[in-house]
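What follows is a single structure, written as structure tokens, with notes after it.
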Amino acid sequence: MATAQRQDETALERLERQERERQELMEQREQGIDPAALLRLKELKRLRWLMSTPKGRAIAWSVLEANHLFRHTVGNPVERVHNVDGQRSYALKFLADLKEASPDNVPTMLKENWIDGDHEDGE
């Protein structure tokens, strides 16, 4: 019973949050704020939220690692280099977004997750 009640409360909280965000967007549009700028602000807000907890920072770290931010491409076949470099480009953009959204938490993420020799490719 308590779990079902909590799920209902969570669903209600989510709907209330979505309604607040919708109202904020409507007000900002009425003020003539650029829709692309609004989307960027919303994206940065989400990244700040992600970086606000150790679990969120661990998720961000895993995205960076999965996209070969820490991997060298020298010595790989040409096709592999292009693939890995494309993924690294995504990881670099994601890292730049994290730095823009939450500059104080990026060093914290590094301290929490970087263990010498203990990442994807063992470097």
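Taking into account only those residues within region 66-94 that are surrounded by 13 or more Cβ atoms within 10 Å (Cβ to Cβ) and either at pLDDT below 70 or at positive phi (or both), which is farthest from the chain's Cα centre (by Cα)? Per the criteria, the residue is N76. Does D97 meet the test of being exposed (fewer than 15 other Cβ atoms within 10 Å of the Cβ) and either at pLDDT 95 or above or not aliphatic (A, V, I, L, M) (or both)? Taking the combined requirement at face value, the residue does not satisfy it. Scanning region 10-59 for residues that are outside any helix (DSSP H, G or I) and either surrounded by 12 or more Cβ atoms within 10 Å (Cβ to Cβ) or not charged (D, E, K, R) (or both) returns Q31, G32, I33, M51, S52, T53.
The values are calculated or read from the model by the stated rules, or taken from the named source; none is laboratory data. None of these values were measured; they are calculated from a predicted model. Counting neighbours? That spans all protein chains shown, and the Cβs are built from the backbone with ideal geometry, glycine included.
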